[in-house]
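The values are calculated or read from the model by the stated rules, or taken from the named source; none is laboratory data. Note that the structure is a prediction, hence the values are computed from the model and not measured. With ideal geometry, Cβ positions are generated from the backbone for all residues, glycine too; neighbour counts draw on all protein chains shown.
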């Protein structure tokens, strides 16, 4: 099993030297880096520990000019090796790097005090551990070492082994968002990209979406720690040979995505949290960092409560995001020497609704702050009211209930409010247009603010009726001849007592309800023909769904018949009607289930 560890700490405190001492590989691969003795770009090296575990190191620059590069290095990595020099002690970039790690909620790490051959490490060790303990890292193991004399290096390797041995592996079944940090052309292979796979699994043959181009790409080959593999699971350093991708000029911030499992969000609602204590002091313009990517953003505060605020971020370009993602806001205008990490941003909504009414922004902000730290599917659905199942999945959430119509999920409160609103607008329409046979369904959809006409039809319940594409109340429906109306009333009364005991053909004929009479009753919305000679009340399908929802899924026709207290003559065409309308589906020749 592989683990990935990132370095952090002030410039020239020995991060790269430490990685080289552990792995035998100099992570500073650029000539300029080696000439100046200064890490400029991200470096990579790996080693095998005594336990057999393999650890890849991502070495980040410590100079204040390269904070964005540092954030790209630690962004996808769940473990950090924080480095402080015994002869230097805690420094400004030590503080800024710790703030960045705290903002990203990095919870696994260790402290390494270097150059213990040049100064007594005890004071620096105690001071640094106390500072790290106040962050998301908490109490961490600590080792004092000298890469020059080798003192403490055996203890360091053992500490790294122990730390990585206690980590949980990444979720191999999660959707892939593979942030890229390098890209190059390999002779005979084509484009190769590298990065840290922090969730999911990559396999040869996988079809992925390239972000930001949106082009489909295919995995031709995989390498992990310079060995060819057929698949790689999180967490791992991976090199991917791709078909369908042109070599990017700057790969950092690009990503490979599992198709249809991420929302490309240009506007997001977030909870901003101050890092390191104090009040939020936010610029209007900032840079949002997540993974290896960053994007300029405009901040609109919706509501603020001391060190926390709900805000809407307008991103300069869209990012692939999930609800619950944690990102960092950096102030690009902050003078050097000040802490440029201004807040942690926790993503609460990746497709927020437009704010169109006075006071709406504050109400939305207060709701976001009062809600759970991490919204679930029910909370997000309650905020939106109506959502397609695939939209919820692309937000990183699991649907908590079956769709109401087609793929549409409906929040209970929004359902009730929309049904009341629909009845009100239909009554008003009939009052304003007394000669028309009802309100056109499309006009009703727009008036109520529903995203799909099928939802309008789903909300049509008594006293409303849908007739020839128009919604009407009972009184506004075309009338039946008196004798036919009396016959229909008798059928309605019988069905009100036993909703699924459809009258026999002989009973209908005796009442004067032949085929033409039943067609007239159906046209005015009084009855619903389920099958040949089988009539029920117009909302029988909704009533049946309420009963069938209580059955263990899947269920047989006989189980449905008993639950509905009816006969095979009725239950078979009724179930076929539910199939056609997308409410139920067959599992096999014997059983169905609700969608």
Q. In the range 156-175, is there at least one residue being without any contact (Cβ under 8 Å) to a residue 12 or more places away in the chain, within 30 Å of residue 247 (Cα to Cα) and not assigned by TED's automatic domain parsing to the domain that holds residue 274?
A. no
Q) Taking the range 185-196 as the region of interest, how many residues are in a strand (DSSP E or B) and loosely packed, with under 12 Cβ neighbours inside 10 Å? A) 1
Q) Within the range 58-67, is there a residue that is at pLDDT 85 or above and surrounded by 17 or more Cβ atoms within 10 Å (Cβ to Cβ)? A) yes
Q.
Could you check the range 490-502 and list, in sequence order, the residues that are surrounded by 13 or more Cβ atoms within 10 Å (Cβ to Cβ) and free of Cβ contacts under 8 Å to residues at least 40 places away in the same chain?
A. 490, 494
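Which residue is farthest from residue 140 (Cα to Cα), if the candidates are limited to the range 69-92 and must be under 25 Å from the mean Cα position of the chain (by Cα) and at pLDDT below 80?
Initially, the range 69-92 is screened for residues under 25 Å from the mean Cα position of the chain (by Cα), giving 71-79.
Narrowing the set further to residues that are at pLDDT below 80 leaves 71-75.
On the way: 71: 21, 72: 23, 73: 21, 74: 17, 75: 20 Å.
Looking at residues that are under 25 Å from the mean Cα position of the chain (by Cα) and at pLDDT below 80, I get 72.
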(Q) If I ask for residues that are closer than 18 Å to residue 397 by Cα and without any contact (Cβ under 8 Å) to a residue 24 or more places away in the chain, which ones from the range 350-377 would you list? (A) 371, 372, 377
Q) Of all helices (runs of 4 or more DSSP H) completely enclosed by the range 364-462, which ones contain at least 1 residues that are more than 15 Å from the chain's Cα centre (by Cα) and surrounded by fewer than 19 Cβ atoms within 10 Å (Cβ to Cβ)? A) 377-384, 412-432, 441-448, 453-459
Q) Only one of (1) in contact with a strand residue (DSSP E or B) (Cβ under 6 Å, 6 or more places away or on another chain); (2) surrounded by 18 or more Cβ atoms within 10 Å (Cβ to Cβ); (3) touching a residue at least 24 places away in the same chain (Cβ under 8 Å) is not met by residue 222, so which one is it? A) (3)
(Q) Quick test for you: out of 73, 107, 150, 89, pick the one residue that is under 18 Å from residue 5 (Cα atoms) and surrounded by fewer than 20 Cβ atoms within 10 Å (Cβ to Cβ). (A) 107
(Q) Condition first: within 20 Å of residue 101 (Cβ to Cβ), under 20 Å from the mean Cα position of the chain (by Cα) and at pLDDT 95 or above. Can you find one or more residues in the range 279-291 that meet it? (A) no
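Which of the following residues is on the phi > 0 side of the Ramachandran plot and either out of contact with any strand residue (DSSP E or B) (no Cβ under 9 Å at 6 or more places or on another chain) or surrounded by fewer than 19 Cβ atoms within 10 Å (Cβ to Cβ) (or both): 533, 517?
Values: 517 fails: on the phi > 0 side of the Ramachandran plot.
Exactly one of 533, 517 is on the phi > 0 side of the Ramachandran plot and either out of contact with any strand residue (DSSP E or B) (no Cβ under 9 Å at 6 or more places or on another chain) or surrounded by fewer than 19 Cβ atoms within 10 Å (Cβ to Cβ) (or both), namely 533.
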Q.
Step by step: first the residues of the range 519-531, then only those that are touching a helix residue (DSSP H, G or I) at 6+ places or on another chain (Cβ under 8 Å) and not in a helix (DSSP H, G or I), then the one that is farthest from residue 594 (Cα to Cα). Which residue is that?
A. 526
Q: Among the residues of the range 74-104, write down those that are part of a loop (DSSP other than H, G, I, E, B) and over 29 Å from residue 178 (Cβ atoms).
A: 86, 87, 88, 89, 90, 91
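Residues 574, 578, 551: which one is crowded, with 16+ Cβ neighbours inside 10 Å, modelled with pLDDT of 90 or more and assigned to a loop (DSSP other than H, G, I, E, B)?
On the way: 574 fails: assigned to a loop (DSSP other than H, G, I, E, B); 578 fails: assigned to a loop (DSSP other than H, G, I, E, B).
After ruling out the rest, the residue left standing is 551.
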(Q) So residue 51 passes all but one of these: (1) in a strand (DSSP E or B); (2) surrounded by fewer than 24 Cβ atoms within 10 Å (Cβ to Cβ); (3) at pLDDT 90 or above. Which condition number does it fail? (A) (1)
Q. Which of (1) surrounded by 21 or more Cβ atoms within 10 Å (Cβ to Cβ); (2) not in a strand (DSSP E or B) is the odd one out, the single condition residue 199 does not satisfy?
A. (1)
